[in-house]
Amino acid sequence: MLLDHAKIMPYYFYMCDMIPNAEHWRTSVAEAQDLQYALLGYMPGFATPRVVCDVPFVGKRWVHMLKDYDRTKGISYWTKNYRTGIEDDDPDALTRQYPYYDPIYTLPEEGQQCVARGSGQPRRGSRCPPEIAVSRSGPR
């Protein structure tokens, strides 16, 4: 439709950055992956836009390029495929995993409880890592 009528060919669809007061604009990595999958096959390959996540300290990545993903806690882990000037001597630069956090409202009940309790235990017994409480708690 965009290509036919508006003469626009979308190349990327970006997920909203993890910035304050924008939670309602964000979507989870799982939803973005579902969107990317749903787009495949309906348009020719050159016209199929990529859904992209701009991961802090990593850069733009297609949503299927993550290394690990805990859908309950809403944490995906990403790696770099390049070195910056300050990482020339860093042997872990290409293997270090950087977290990206899904919006809290997209988490299942167990994940939302985990975030609400900080580093406490959700009902089902899995322990919520302390970095969730720190990264999602906002200013204190």
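Of the numbered criteria (1) at pLDDT 90 or above; (2) farther than 12 Å from F57 by Cα; (3) part of a loop (DSSP other than H, G, I, E, B), the one R83 fails is (2). All told, P56 falls short of being under 19 Å from P99 (Cβ atoms) and in contact with a Gly (Cβ under 9 Å, 6 or more places away or on another chain).
To keep it simple, each residue is scored yes or no on (1) without any contact (Cβ under 8 Å) to a residue 40 or more places away in the chain; (2) surrounded by fewer than 15 Cβ atoms within 10 Å (Cβ to Cβ); (3) in contact with a helix residue (DSSP H, G or I) (Cβ under 9 Å, 6 or more places away or on another chain).
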{"residue": "F57", "(1), (2), (3)": "no, yes, no"}
{"residue": "R61", "(1), (2), (3)": "yes, no, no"}
{"residue": "K67", "(1), (2), (3)": "yes, yes, no"}
{"residue": "G74", "(1), (2), (3)": "no, no, yes"}
{"residue": "Y77", "(1), (2), (3)": "yes, no, no"}
{"residue": "Y82", "(1), (2), (3)": "yes, yes, no"}
{"residue": "G85", "(1), (2), (3)": "yes, yes, no"}
{"residue": "I104", "(1), (2), (3)": "no, no, yes"}
{"residue": "P108", "(1), (2), (3)": "yes, yes, no"}
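Taking the stretch 20-33 as the search range and keeping residues that are touching a Ser or Thr at 6+ places or on another chain (Cβ under 9 Å) and either assigned to a helix (DSSP H, G or I) or without any contact (Cβ under 8 Å) to a residue 40 or more places away in the chain (or both), which one is surrounded by the most Cβ atoms within 10 Å (Cβ to Cβ)?
The first filter runs over the stretch 20-33 and keeps only residues touching a Ser or Thr at 6+ places or on another chain (Cβ under 9 Å), leaving 26-31.
Of the ones still in play, those that are also either assigned to a helix (DSSP H, G or I) or without any contact (Cβ under 8 Å) to a residue 40 or more places away in the chain (or both) are 29-31.
Numbers: V29: 24, A30: 15, E31: 16.
The extreme case among them is V29.
Based on this model, can you work out whether D17 counts as out of contact with any strand residue (DSSP E or B) (no Cβ under 7 Å at 6 or more places or on another chain), of a type in the set (D, E) and either closer than 22 Å to V115 by Cβ or at pLDDT 95 or above (or both)? No. Taken over the stretch 41-53, residues that are exposed (fewer than 15 other Cβ atoms within 10 Å of the Cβ) and of a type in the set (D, E, K, R) amount to 0. Selection of first residues in the stretch 1-19 that are within 17 Å of T106 (Cβ to Cβ) and of a type outside the set (K, R) and of second residues that are assigned to a helix (DSSP H, G or I) and at pLDDT below 75, restricted to Cβ pairs under 9 Å at least 6 apart or on distinct chains, gives the following pairs, ordered by first then second residue: M18/S135.
The values are calculated or read from the model by the stated rules, or taken from the named source; none is laboratory data. Remember, predicted model here, so these are calculated numbers, not experimental data. All Cβ positions, even for glycine, are placed from backbone atoms using ideal geometry, and neighbour counts span all protein chains on display.
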